[in-house]
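Bear in mind that the values in this text are calculations on the coordinates, not laboratory data. Since this is a predicted model, take the numbers as computed values, not measurements. Note that each Cβ is placed from the backbone with ideal geometry, even for glycine, and that neighbours are counted across all protein chains shown.
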Amino acid sequence: MSAVAQYKFETALGGEEAQSSRPRLSIGVFNNMPDAALRATERQFVTLLHAAAIGCDIRIHLSTLPSIRRSDAAHDRINARYTPVDDLKRLHLDALIVTGSTPYEEDLREEPFWPEFRNLVDWAASRTVSTLWSCMAAHAAVLHLDGVPRRRLAKKLSGVFELSVPRSSWPLTGGAARYLCPHSRYNDVGEDDLRRAGYTVLGRSDEVGADMFAKQTPSRFVFLQGHPEYDGDTLMREYRRDIMQFAAGERASAPDAPVDLFAGGFHGPSLSRLAAARAMDQLIPKLDAMEAEVPVIGRWSSHATQLFRAWIRMILELKQQGAAAPLPAARREPAGVPHRNVATTFAR
């Protein structure tokens, strides 16, 4: 039986008695990202939750959909650190974060993970106070809930974008009128389609469309087309991967440079010419130099922390109001599943 993976972040110093006086949340993180991004995504969301959890204790349970294609090494990590789906559903979770995965079919309903994903959406709707759906998971969730289709963009949307916040009763931007968020995607769900289906758009721009939107299901579902969890260099590393694939003849066209990643501009056309000429002796040093310039902490990180802090605050307020959907009374771990702590306890 797989071990239960728990990160317990303690946000103030003190003994057990002091800790027990603070609000507590139990959050499941379904990390469905492909093997190459599995560890980074795990770290990014856990770090972001830790930064946002001021004044409360958070226990995090990692999980993933079992039908996601995995290497043996990834299976070993998951078996050691992640909670099986059926066991996770027996826990008293307050909230979920669900990431996307690499799609192999044009229609998400043809993906091997679709039956499991559909069941997860239905379970989360009635068993969590709130669930946050990230990127492709957001597309799949609205497709299942309301038949809202996603559409292929003419080219990949990649970069750091400024979003505006329409007036809304969902205070997830901490009162800010604008915020920054990275995007990295080939598909989009349209604002008009979302509004017709009863979704509230919480952040948008003409270039991006709907960045963040929400709906009561009765769980408060929040959907993100962007990636606030990204490290400062994630977009650069993705661009490097894509342009190296172009140079190797593994993709037909050169990728566009990420929008507004560098304050001084990004020399995408010159890099594309070097890649097309297979001038690796010049291309690789330029990519190395550019990657070294990118800060590890992105310009959007404070906005991402603010978003997750507001989300945590909303969950706590809903719990206090008794607005949570019915949940099992017991706070027990699944019988027969051994505990294993896989991260240091943080004291703040």
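Calculate the spin-label point distance for R118 paired with A197, positioning each point 7 Å from the Cα along the beta-carbon direction, and give it in nanometres.
1.4
Hey, which lysines would be in cross-link range of K89, C-alpha to C-alpha under 23 Å, not counting anything within fewer than 8 residues on its own chain?
Result set, ordered by chain and number: K8, K215, K319.
When a/c is below 1.5 the answer is rounded, else prolate if a/b is larger than b/c, else oblate, so apply that to segment 60-132 with a ≥ b ≥ c taken from the square roots of the Cα gyration tensor eigenvalues.
Oblate, since a/c reaches 1.5 and b/c is not below a/b.
Explain nothing, just the number: relative contact order of segment 234-293, from Cα pairs under 8 Å at least 6 residues apart, as a whole percent.
Over segment 234-293, the number comes to 32 percent.
Expressed in nm to one decimal, what extension gain is obtained for the pair R43 and R237 from 0.36 nm per residue of sequence separation less their Cα-Cα distance?
Length difference between fully extended and current span is 68.2 nm.
I need to check one value: relative contact order of segment 25-126, counting alpha carbon pairs closer than 8 Å and at least 6 residues apart, in percent.
Once divided by the residue count of segment 25-126, the mean separation gives 40 percent.
List the relative contact order of segment 211-257 as a percent without decimals, with contacts defined as Cα pairs under 8 Å and 6+ residues apart.
Relative contact order of segment 211-257: 22 percent.
Can you sort F262, F161, F30 so the residue with the fewest Cβ neighbours within 10 Å comes first?
Ordered by Cβ neighbours within 10 Å, fewest first: F262, F161, F30.
What ranking do C181, C56 get, fewest neighbouring Cβ atoms within 10 angstrom at the top?
Final ranking by Cβ density, sparse to dense: C56, C181.
Measuring from label point to label point, each 7 Å out along Cα→Cβ, what is the A277 to A176 span in nm?
4.1
Could you please tell me the mean projected area of the C-alpha convex hull for segment 234-293, averaged over all directions and given in square nanometres to one decimal?
3.7
Compute the Cα gyration tensor for segment 151-266, then decide on rounded, prolate or oblate, letting a ≥ b ≥ c be the square roots of its eigenvalues: rounded whenever a/c is under 1.5, prolate when a/b is larger than b/c in the other cases, and oblate in all that remain.
Prolate, because a/c is 1.5 or more and a/b exceeds b/c.
Taking the Cβ of each residue in D86, D188 as the centre, tally the other Cβ atoms inside 10 Å and list the residues starting with the fewest.
Ascending Cβ contact count within 10 Å gives the list D86, D188.
Could you give the radius of gyration (one decimal) and Dmax (whole number) of the Cα atoms in segment 26-162, in Å?
Over segment 26-162's Cα set, Rg and Dmax evaluate to 15.2, 44 Å.
Shape call for segment 115-207 from the C-alpha gyration tensor, a ≥ b ≥ c root eigenvalues: rounded (a/c under 1.5), prolate (a/b greater than b/c) or oblate?
Since a/c reaches 1.5 but b/c is at least a/b, the shape of segment 115-207 is classed as oblate.
I'd like the FRET efficiency for R251 and D206, computed as 1/(1 + (r/R0)^6) with the beta carbon distance as r and R0 of 35 Å, rounded to 0.05.
0.80
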